[in-house]
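Okay, here's the structure, questions in a sec.
Every number in this text was worked out from the coordinates using simple rules, so none of it is lab data. Not measured: the values here are computed from a predicted model. Don't worry about glycine lacking a Cβ; one is built from the backbone with ideal geometry, like all the others, and counts go over all protein chains shown.
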Amino acid sequence: MLGKVSIRNLAEKLELSKSSVQRHQRARLKRAQHPESAFWETEAGADFLARTVFAALYQFGLKNHIGAEQLSEFFRMIRIDTHVGVSPNALLIRMRQMETLLPTFQSQCEQSATCPTPKRTLTMDEVFFDKTMILVLMDLTSGYILVEEQAADRSYETWHKKAAARLKILNLEVKHAISDRAKALIKLAIDGFGCNAGADLFHAQYDLSRWFPAPLARATRKAAQVLKEAKTVLDKHLVHTSADVIETRSLQTQVEQASTHLATLEQAHTRYRQHQQAISFAVHLFDKTTAKPNSGETVRAALHAEVDVLGVLAQTLEIPDTHDALGKFKRQINDLGSHVEVWWLWVNSLLTDTDTDPPIQHWVKHQLMPVIYWHHQRQKTQKAWQREQYQKAWEQASQSLSQASLTNRLSCKEQHHWRLWCEDKVRHFHRASSAVEGRNGCLAQMYHNGRGLTPNRMMALTVIHNYGIYRTDDSTAASRLLETSFPNLFEWLLPQMGELPLPRKRRIKIKHNPLMLLDVPL
C-alpha cells in the first residue's frame, strides 16, 4: 500500500485526484489474485489479453458457432475474468460488433481491386433450414461467394436482382453457369447471364444412383436367400440314404440356377459401377486413353452410349424406371456436353488473340495442355481409383509431350510461360457444383449447432469464407478471384474492436423457492 505522499505525487503526475488514484490502486490490488496477474497489468499483457479474447470470439464464436455461455466459461477457466468483462452478454455485444465490421472490410477490398479475368464460371443453389431459405451464388474457380443471403422465394426475378447487383459491383461476366435443373436457375443462366446453362454432373449421376442400385440390391439379397434355402433343402435331402436320384438332381438343378442368378446380379453391380465411372470419365477435356481433345459431340455420344447400355441392363434385370431416371439423364446430356464445348471455345479464342504461330498453338492444345490437365485432376481427386486412372493418363500425355519435336525447340522461358498459361486455363474448367454443395453443408452444420443464422451473421460468415479461410498455398478465395493480396482479416479487425470491457462484480442469482417458507417459525 502506497503512502499518502506517494499517492499525492502520483496524482500530480497523472493530473488526477488523490481519490481516483487511490481507487485505481485498490482495484489493481484486488485484481492481483493470480501469479500471472502482474503481466496483465503491463502494456504487452493488455495487448495480448485483447488478442486472446477477440481471437477466441472470432475463431470459435463466429467461425464455429460456439455459444457465448461456453466462451464465458472458458475465459473464467483461464482466469482472465479479473481483468476483462467476460459475461455472456458482454461477449455477445462484441460478436455483434464483429458482425457489423466484417462487411465493411469486404466492401473496401472489392472497391480497391479489379478482377483481371472478368469472364467467370458460376454455380448457384438454394439451401433450406426449416422456414429459412438461403440463396448461394459462387465463383467455381476461386470459391468466392458472390451472393449468400436469405430470401422469401427462389424465383428468377429474386435471383436475377441479387446476382446482377453483385456482378456489377465486381465488373464480372458469366461465360458459363452450372446448376441443377431448377427452371429458375436455367432461366437465370440463359436470360439473366446470357450464357449456357450447364447441367451438374453430380446431380445427374446421383439421380441414376437413386434409381438403379436399390432394386438391384434387393434382388441380390433375395437371390442370396433363395440360394441359401435351396442348399439347405439339398443338404437335408442328401442326409437320407434312400434319397431319390431324380429328386436329388432336381434339387441340384435348383441350386445351380439360384447360384447362376446370384452371380448375374453381382456381375450387374460391377457393370453398373463401371458405367457410372465411364460417365464421369466422359465429361473431361481430353480422352483419357488417346489424350485427344474432346468436343461437345464426342462427350454427348459417349454419354448416350453409356445410358443406352444401362437401359438394356435394367430391362434384362427387370428393374422398373418408375421416376424416369434415364429420361431425365438423357435430357441433360446436351447441357453436360456444353462444359467441354464452352471451355474449348473460350481457350481457342484466347489462343487466337495471342497471335501465336499455328504450330505452337497446336503444341499447346494437343501436347502440353493434356499433361497439365491430368496433373490437375490427379491432384484434385480424393478417390484412389480415379487417381490411378488419372495417373495413367498423365503418364501417357507426358510421354507424348517429351517425344514432340517442338518441345525440344522451345526455350525454357517459353515453355514456362505456356505452362503457367495452361495451369490458369485448366482451373477454369468445371463440370459439377460440388463447391456450392459443400458450402450448403457447412451452413447446415452452423445452423444446427447454433440458434439459427441471422442476416448479420450470414454476412459475417460470407466475409470470413472469402477473406479469412486459407488454403495450403496461403491463398484466400478473394486473392484467387481478384489476383491480389489483401490485409489479414483478423489483423484488420483487431484494432477496430476498441478496448476490452472492464469486469464487474457478478450478481448471484437467487431463485426463490415457494416451498421454503423461511418466515414461518418451526
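Tell me, rounded to the nearest percent, the portion of alpha carbon pairs in region 325-405 spaced more than 20 Å apart.
On the way: 1724 of 3240 pairs.
In whole percent, the long-distance tail amounts to 53.
Between ARG419 and ASN171, what is the FRET efficiency for a Förster distance of 22 Å, r being their Cβ-Cβ separation, to the nearest 0.05? Intermediate values should be presented prior to the final figure.
Working: r = 29 Å, r/R0 = 1.30.
After rounding to 0.05, the efficiency reads 0.15.
Same structure again: Taking θ = phi - 60°, what integer Hz values does the Karplus form 6.51 cos²θ - 1.76 cosθ + 1.60 yield along region 495-503, in sequence order, with x for Gly and Pro?
x, 6, 7, x, 8, 6, x, 7, x
Still on this structure: Let me have the 222 nm mean residue ellipticity of the chain computed from DSSP H runs of 4+ only, each contributing -39500 (n - 2.57), with the sum over all residues rounded to the nearest 500. Walk me through the intermediate numbers first.
Values: 22 runs with 325 residues, N = 522.
-20500 deg cm²/dmol, from helical runs alone.
Need one number: nm distance between label points at GLN315 and ARG387, each 7 Å from Cα along Cα→Cβ, rounded to one decimal.
Each label point lies 7 Å from its Cα, and together they span 4.1 nm.
For an R0 of 30 angstrom, estimate the FRET efficiency from the Cβ-Cβ distance between ALA152 and SER434 and round to the nearest 0.05. Working shown, then result.
Working: r = 28 Å, r/R0 = 0.92.
After rounding, the FRET efficiency stands at 0.65.
Does anyone have the angle between helix 201-211 and the longest principal axis of the chain? Alpha-carbon axes, 0 to 90°, nearest 10?
The answer is roughly 60 degrees.
Please give the contour-minus-distance gain from ARG331 to ALA164: 0.36 nm per residue of separation, less the Cα-Cα distance, rounded to one decimal in nm.
Values: separation 167, 0.36 × 167 = 60.12 nm, distance 2.84 nm.
Fully extending the segment from ARG331 to ALA164 adds 57.3 nm.
Taking 0.36 nm per intervening residue step and subtracting the Cα-Cα distance, what contour gain separates ASN449 from LYS119 on full extension? Write down the numbers at each step before the final one.
Values: separation 330, 0.36 × 330 = 118.80 nm, distance 3.70 nm.
Full extension of this stretch gives 115.1 nm more.
Sticking with this structure for a sec: If you average over every viewing direction, what projected area does the convex hull of the Cα atoms of region 205-426 give, in nm²?
Values: hull surface 67.3 nm².
Its average projected convex-hull area is 16.8 nm².
What is the antiparallel percent of DSSP beta bridges lying wholly in the chain, to the nearest 5? If you can, show how the numbers build up before the last one.
Details: 14 of 23 bridges.
Here the share of antiparallel DSSP bridges comes out near 60 percent.
Most exposed first by the Cβ proxy, i.e. fewest other Cβ within 10 Å, how do LEU401, LEU185 rank?
Values: LEU401 20, LEU185 24.
Placing the least packed residue first, the sequence is LEU401, LEU185.
Mind checking the angle between helix 245-282 and the chain's longest principal axis? C-alpha axes, 0 to 90 degrees, to the nearest 10.
Computed tilt is about 60 degrees.
Compute for region 26-108: radius of gyration divided by Kirkwood radius, i.e. Rg/Rh, restricted to C-alpha atoms, rounded to two decimals. Could you put the intermediate results ahead of the total?
Numbers: Rg = 14.1 Å, Rh = 13.7 Å.
A ratio of 1.03.
At what distance in nm do the modelled label points of ILE469 and GLU266 sit from each other, each positioned 7 Å from its Cα along Cα→Cβ?
4.3 nm
Using the beta-carbon distance between ASP47 and ASP81 and R0 = 25 Å, what value does 1/(1 + (r/R0)^6) give for FRET efficiency, to the nearest 0.05? Don't skip to the answer; put the middle values down first.
Working: r = 18 Å, r/R0 = 0.73.
The calculated FRET efficiency here is 0.85.
Fewest first, what order do THR462, THR354 take by the number of other Cβ atoms within 10 Å?
On the way: THR462 21, THR354 12.
So the ranking, lowest neighbour count to highest, is THR354, THR462.
Please list log₁₀ I(q)/I(0) at q = 0.13 Å⁻¹ for the chain, using the Debye equation with identical point scatterers on the alpha-carbon positions.
Log-scaled intensity ratios, in q order: -1.29.
Is there a quick way to get the dipole size of the chain? I mean about its Cα centre, with the Cβ of Lys and Arg at +1 and of Asp and Glu at -1; what is the value in debye to the nearest 20?
Numbers: 66 positive and 54 negative charges, 438 e Å.
Its charge dipole is roughly 2100 debye.
Separate question: Hey, what D do you get for region 155-226 in µm²/s if you plug the Kirkwood alpha-carbon radius into Stokes-Einstein at 10 °C and 1.306 mPa s?
On the way: Rh = 14.8 Å.
Estimated diffusion coefficient is 107 µm²/s.
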